[in-house]
1. Please report the relative contact order for the chain, taking Cα pairs under 8 Å with a sequence separation of at least 6, and give it as a percent rounded to a whole number.
2. Rounded to the nearest 500, what is the chain's calculated 222 nm mean residue ellipticity when only DSSP H runs of at least 4 contribute -39500 (n - 2.57) each, over all residues?
3. Below 11 angstrom from the Cβ of GLY78, what's the summed charge of the other residues (Lys, Arg +1; Asp, Glu -1)?
4. Which whole-Hz couplings ³J(HN,Hα) result when phi for each residue of the stretch 8-22 is put into the Karplus expression 6.51 cos²θ - 1.76 cosθ + 1.60, θ = phi - 60°, listed in order with x for Gly and Pro?
5. Work out the FRET efficiency for ALA197 and GLN268 from their Cβ-Cβ distance, taking R0 = 25 Å, and round it to the nearest 0.05.
6. Charges on Cβ only, +1 for Lys and Arg, -1 for Asp and Glu, centred on the Cα centroid of the chain; of GLY92, GLY226, ASN122, which one is farthest towards the dipole's positive end?
7. Which entries in the list LYS14/LYS128; LYS170/LYS282; LYS14/LYS68; LYS14/LYS50; LYS68/LYS170 go over 23 Å, if you measure between the two C-alpha atoms of each?
8. Remind me, relative contact order of the stretch 167-219 in percent, using alpha carbon pairs under 8 angstrom and six or more residues apart?
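What follows draws every value from the coordinates through simple rules; no lab data is involved. All values derive from a computational prediction rather than experimental measurement. Please note: Cβ atoms are built from the backbone with ideal geometry, for glycine as well, and neighbour counts cover all protein chains shown.
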Amino acid sequence: MRILITGAQGRLGKRLVESLQPQHHVIAADRSHFDMTDWGTTRSYITQAKPDLVLHPAAWTDVDGCAKDPDRALLINGYGAQHVALAAAAAGAAMLYVSSNEVFDGAGNHAYHEYDPTQPANAYGYSKWVGEQAVMRATPRHYIVRTAWLFAHGGKNFVQAILNAASAGKPLRVVTDEVANPTFTDDLADAIVQLIATERYGTYHFVNEGYCSRYDFARFVLDHCGYADTPIEAITRADWQRASLPPPFSPLANTAGRAVGITLRTWQDAVLAFLDREQQLK
């Protein structure tokens, strides 16, 4: 199968390229190949690539940046996804769009199932919701894959930020009233590889099992990396000033994936595997 992957230089994109190359003809695309906010260049590139499937993890994921410039967020995450989806459909390709738990407002008290009503509460979530709607309207042969709180090897992520602060002796303040599913990018990529082999189109929630607060996430990391005595000040979202407020309670439930035999390990096991490979476990 010819698979075109956008954002191939990103952490999820790279992992997807690595996972799929042994069995498929992978076309690794990034911003140097086409600008997804431009319909003409997007259509031209995808048409010439002649993919059977387009995986679209490329996005602007700076939540605070999206809050400061919602029009740009909509252009990239919403209409950019529409351009990719329409071009994929015109080329006869199926489409997979990577979305976010932030399409939900987090006002409930249960993990969200795939077809629960969406109601984004910030600019980033809205832009990803628009992307979902655009993909669903462009082609019936689509997968919507929502995920949450990704951490990956290389680059910036919550785990590394906590460890860097602890090693530098900086005071730690972490919110207790923001809850979701920590998810290892490697596990997400593996789940996506399994999903596309099924050709079971639809909406899926791929997250590591279980959920926790940001505070509990940070505490777990420190306790397993030799910083059990390092204190964390428990604060609320109101105490942490930022441009955008994420949904307070937005864990996802992997109901659809489990129905087709795709499950992910617990977030605790995933974090331990990540830390072990990073040689951070103590």
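1. 20
2. The helix-only estimate for the chain comes to -11000 deg cm²/dmol at 222 nm.
3. Around GLY78, the charge tally is 0.
4. After applying 6.51 cos²θ - 1.76 cosθ + 1.60, I find 5, 8, x, 5, 6, x, 4, 5, 5, 4, 4, 6, 9, 4, x Hz.
5. Efficiency for this residue pair is about 0.35.
6. So the residue furthest toward the plus end is GLY92.
7. With Cα atoms farther than 23 Å apart: LYS14/LYS68; LYS68/LYS170.
8. The normalised contact order for the stretch 167-219 reaches 60 percent.
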